[in-house]
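Okay, structure first, notes after.
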Amino acid sequence: MIQTFFATFEREEDLLQAAEKARQQGLLVRDIYSPYPVHGTDRALGLRRSRLPRAAFVFGALGLALAFWFQFWVSAIDWPINVGGRPWNSLPAFVPVAFEMMVLCSGLGLALTWLVVCRLYPGKAPAQPLTGVTDDRFVLEVSSGEPGASATGADFEGIRRLFQDCNACAVEERGY
Amino acid sequence: MEEKLLQPDPPWILGNKSLAQVTRDVCAPLERRGSLLWWGAFLVSFSLLLLGIAAVTYQMFTGIGTWGLNRTVGWAFDITNFVFWIGIGHAGTLISAILFLFRQKWRNSINRSAEAMTIFAVICAGLFPVIHMGRAWLFYWIIPYPNERGSLWINFRSPLIWDFFAIFTYFLISLVFWYIGLVPDLATLRDRTRPGLYRRFLGFFSLGWNGSGRTWYRYEILYLLLAGLATPLVVSVHSVVSTDFAASLLPGWHTTLFPPYFVTGAIFSGLAMVLTLMLIARKTMHLEDYITPRHVGAMTKLVLATGSLVGLAYLTEVFTALYSGNTFEHANLVNRIGGPLAWGYWLMVACNVLVPQLFWFSRIRANLGLVFLLSILINVGMWFERFIIIVTSLERDFLPSSWADYAPTSIEIATLLGSFGLFLTCFLLFCRFLPMIAIAEVKGILVRRPEEAKP
């Protein structure tokens, strides 16, 4: 049986300290919830380096290549028009539009990738609603009894004591 | 003296706020009824907007002949307004993206409203070229789409097409940047709003945000990347706008100075507009603890720096015209500083070069009422800068037989007032329905981490 505990804190330092202690106890730190980005989240949750920059690069490169190709195709192949005696493939003149399209594709593609990766979409009901995390509370979510965690027979009392030592103002248990 | 130097700076957010207090303070203006002052301002702005709509409707049906343009001066008021508004927008991106990359914490109090200002200013700017097309309903011809005219494509070698792509990209990226920054705050508002239509609206747009650390982690990376993309973008946008002029052969326009000159001018004028709006907002929305005199001081220093750069650009223009040995450049310079619009040129020099120099004095920087007045003067000066650049180069061209003067008609003035109406109406609605200050970002700088407490 998987047991999940939610401990609420008032300060980010307490939250990070509690996360560290919980991990030492063999509990699985599942997530933290906070009103602003807490430094050290990636370490506390053991997140690997985000690959969003790569997505930005790929979308940007695609936008750049497409914009150059399209301008070349329009101006030199599909309907060449002599503008002030410039060559059909007047590459330097295509740079501004290609640059703008690179930024546009990179930015929009990146934002969409972020939505997909974070599973956010308009109209979604917030998962795991916790009171106060968008206001002034920091919540730590840990679980026990999962294959990865070694704590056996997680006792609620022990876990509560652990968190209360870190100034938790509430500890709650939710089953899945 | 030494004691004064050793005094630590006051914190960016005054009043030793708790996290919950920040939420309450920023949400308070959204949760009470609109003040009399707000309604008054809204009615004035909305009337201006209606005036603008009437003027635009009239000129759509009658034609561009309702303007004071003639065969010599083919661009005047509306391109001035276009460049003016697009320039205003640039300060918003400077504050939100460039200062973010430089880790300037003071931006956190003003970036939200500066970004909103950018978006509304770009909307105002975008309207003018569309109106100038005359047949605005054929606006979509500027988009390269397969069409029934044999697929006649647009001319990608034209700076006007570059301009369209630059403005369009700028608008969309600014909108995305602003919206992404807004999502956590929409969730904050959602969680404290009673069920109803407004709550449903907040629930829809807050994307199911629940403050999860995994989302925050990726959010910060996304924000950083968007800031990195917006920074070269903002430089490119006004550079491209300047090529509308620089790529022509007209004396006074055909110069390589234009891209940097336009970019610094844009940021300068935008910062002045941010100052104007912030000084009003902090008083009327009671945000004195968040937008402090120290913020205003930092902004005025940026105004001073960019204003000095603009002054340098004016000097360079004069020097280039004299040094070029080109008769036409020379004649253009003489016409600019001594011709029929010389009063406009000297007004522009006074407002853009002399006025910001007052910000060297800390007494003046600390006098918020005076800063407000000076910021308005800079706005006026920067509008005149664009007017002078555009009209003085056109009114006296190569052939004296085609020289002509230009004066705006009431329709053109009504359209300009209408664009201010649109801008202010949008901004006032934004103040009433969305958090003016980035709540999550301000909370992030409240905490004094031990490593930062050291001098």
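At-a-glance table
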{"item": "Sites B:N70 and B:S18 - FRET efficiency at Förster radius 51 Å, r taken between beta-carbons, to 0.05", "result": "0.20"}
{"item": "Inter-chain shielding of B:219-228 (mean C-beta neighbours from other protein chains, 10 Å cut-off)", "result": "6"}
{"item": "Mean shadow area of region B:170-319 over all directions, Cα convex hull, nm²", "result": "12.2"}
{"item": "Region B:250-396 - Debye-derived log10 I(q)/I(0), Cα point model, q = 0.10 Å⁻¹", "result": "-0.38"}
{"item": "Per-residue mean of C-beta atoms belonging to partner chains within 10 Å, peptide A:91-102", "result": "6"}
{"item": "Pair B:T57, B:S158: separation of 7 Å Cα→Cβ label points (nm)", "result": "3.1"}
{"item": "Peptides B:313-320, A:58-65 ordered by average Cβ neighbours within 10 Å, highest first", "result": "A:58-65, B:313-320"}
{"item": "Ranked list, fewest to most other Cβ atoms within 10 Å of each Cβ, for B:H238, B:H330", "result": "B:H330, B:H238"}
{"item": "Backbone HN-Hα couplings from phi across region B:205-219 [Karplus 6.51/-1.76/1.60, Hz, Gly and Pro as x]", "result": "8, 8, 6, x, 5, 10, x, 5, x, 5, 5, 4, 4, 6, 4"}
{"item": "Cα-only Debye scattering, the protein assembly as shown: base-10 log of I(q)/I(0) at q = 0.08, 0.09, 0.11, 0.12 Å⁻¹", "result": "-0.66, -0.82, -1.14, -1.30"}
{"item": "Region B:54-188 pair-distance distribution - Cα-Cα, 10 Å bins, rounded %", "result": "11, 32, 30, 19, 8, 1"}
{"item": "Modelled FRET efficiency - R0 30 Å, A:N89 with B:M133, Cβ distances, 0.05 increments", "result": "0.55"}
{"item": "Dipole-positive endmost among B:A76, B:L51, B:G92 within region B:21-118 (Cβ charges, Cα centre)", "result": "B:G92"}
{"item": "Under-5 Å amide H pairs with A:A170, H placed in peptide plane, nonlocal only", "result": "A:T8"}
{"item": "Residue-averaged 222 nm ellipticity for chain B, from DSSP H runs of 4+ at -39500 (n - 2.57), nearest 500", "result": "-23000 deg cm²/dmol"}
{"item": "Length released on extending from B:A350 to B:V334, taking residue separation times 0.36 nm less the Cα-Cα span", "result": "3.9 nm"}
{"item": "Using alpha carbons only: equivalent-ellipsoid semi-axes of region A:52-117, gyration tensor based, whole Å", "result": "30, 9, 8"}
{"item": "q = 0.15, 0.32 Å⁻¹: log10 I(q)/I(0) that the Debye formula gives for region B:84-126, counting C-alpha atoms only", "result": "-0.32, -0.99"}
{"item": "Burial ranking of peptide ranges B:81-94, B:388-401 (average Cβ count within 10 Å, highest at the top)", "result": "B:81-94, B:388-401"}
{"item": "Chain B: Lys pairs at Cα distance under 20 angstrom, eight or more positions apart or on different chains", "result": "7"}
{"item": "Kirkwood Rh, angstrom, chain B [1 / mean 1/r, Cα pairs]", "result": "23.6"}
{"item": "Neighbouring partner chain Cβ atoms per residue of B:196-205, average, 10 Å criterion", "result": "1"}
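The numbers here are math on the coordinates, done by the rules we state, and not lab data. From a predicted model like this one, the values you see are computed outputs, not experimental measurements. Counting neighbours? That spans all protein chains shown, and the Cβs are built from the backbone with ideal geometry, glycine included.
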